[in-house]
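> Mind looking over this structure? Questions follow.
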């Protein structure tokens, strides 16, 4: 069955808070929907890099303040296939964030909020060769406040590895494939609770789509894909109220390009994303490039229907 890994697509929606809180930041959700399923457990490592540029103008002096933020998030990821239709994915993240402003540097790092996602596959249709024609995955995710977070609702909350509150996410992923060509559509809705300092990240909604094609050379399979992602982020709240000067919100549409490489029991994924349109923090925040790489080791599992 291993030869069909490249022809089988599952869902792995990874959600991170990544931005700057100085002059307005944005908590966003990133979706990366390709991963092997449903006949395998796996254990893997994933690392992503994201850059922001923030600027604002003082209401008193009229002087603009600029800063650049860099976020590197590395994760241990594991998937356990409970049955042919049920799977669980766990993530243990480590975050390293840098902000450079007027020549000064601020660094925050540490273990982030641990995540657990559960997926159910109500629709699986395969052809006579065992290759998926269409598949639907729906799921629920929860992030536990295990990471260190800001000790005030007014400090640089987004720079810290943790949020201090539980986060809940609903998501869905639909895959279709004919021969060597295929695609997928995925969507998510994320909701965060308020932490003990009264800070609550805004709800977010994301939708994305990709098209892919299969190529095989010798014992290695390649699957390049191209697509888009659109996200809407609502304003953060403090003690249940949205402040008038809050800029931690907005919308963004990005193009994405990626490549999956499968050989033996190894599954490698490369992924890049650039904004096409964005209006974050009323224009005071600009998301730049996003780059991600992951590698998984597949463990075959004979499953019951």
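Values in this text are rule-based calculations from the coordinates and carry no lab data. As the structure is a prediction and not an experimental result, all values here were calculated from the model. Here the Cβ is made from the backbone with ideal geometry for all residues, glycine too, and neighbour counts use every protein chain on show.
> Just subtract the alpha-carbon distance of residue 276 and residue 72 from 0.36 nm times their residue separation and send over the number in nm, one decimal.
71.2 nm
> Turning to a different aspect of this structure: Quote the Stokes-Einstein diffusion coefficient, in whole µm² s⁻¹, for the range 211-258, based on the Kirkwood radius over alpha carbon pairs, a temperature of 4 °C and a viscosity of 1.567 mPa s.
91
> Sticking with this one: At a 10 angstrom cut-off on C-beta neighbours, averaged per residue, how do the peptides 119-126, 159-166 rank from highest to lowest? Show your work: numbers first, answer last.
Details: 119-126: 15.8, 159-166: 21.9.
Highest to lowest by the protection proxy: 159-166, 119-126.
> Would you calculate the separation in nanometres between label points at residue 288 and residue 92, each defined as 7 Å from the Cα along the Cα-to-beta-carbon direction?
It works out to 3.2 nm between the two label points.
> How far apart, in nm, are two points set 7 Å out from the Cα along the Cα-to-Cβ line at residue 102 and at residue 138?
Distance between the two pseudo-spin positions: 5.2 nm.
> Further question on the same structure: Where Rh denotes the Kirkwood radius from the mean inverse Cα pair distance, what is Rg over Rh for the range 127-278? Working shown, then result.
Numbers: Rg = 19.5 Å, Rh = 18.1 Å.
For the range 127-278, the value is 1.08.
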